[in-house]
Amino acid sequence: MGRYDGAANHLALTTADLDAKEARARLKGGGDFYSDTSGKLERVKAVLAGENIALDMPGIFPQAGELQSLR
């Protein structure tokens, strides 16, 4: 759940659930989208807080892990 303000290029997330084989998390926060002079997306600046995070990414982490929260 969230809201995107196209004029300000800002996404506000009330809650976002990620549920994939490699990762699970509940997130909230927001982000700003920045484009170059041609209009292509150049970068995203986001501030997110997460809870109930589980990661299982063998190529990145040596073993699966869980976090209660991350800010």
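Counting Lys +1, Arg +1, Asp -1, Glu -1, what net charge surrounds Asp56 among other residues with beta carbon under 11 Å of its beta carbon? It would help to have the intermediate numbers written out before the result.
Values: positive: Lys21, Arg24; negative: Glu22, Glu66.
Within the 11 Å Cβ shell, the charges total 0.
Please work out how much length the chain gains when fully extended from Asp17 to Asn52, using 0.36 nm per residue of separation minus the C-alpha to C-alpha distance, in nm with one decimal.
11.6 nm
Can you tell me what percent of all Cα-Cα pairs in the chain are more than 15 Å apart?
Tail of the P(r) past 15 Å holds 62 percent of the pairs.
Read-outs: derived from the displayed coordinates by stated rules, not from any lab. Just so you know, these numbers come straight off a predicted model, no measurement behind them. FYI the Cβ positions are ideal-geometry reconstructions off the backbone, even for glycines, and counts take in every protein chain you see.
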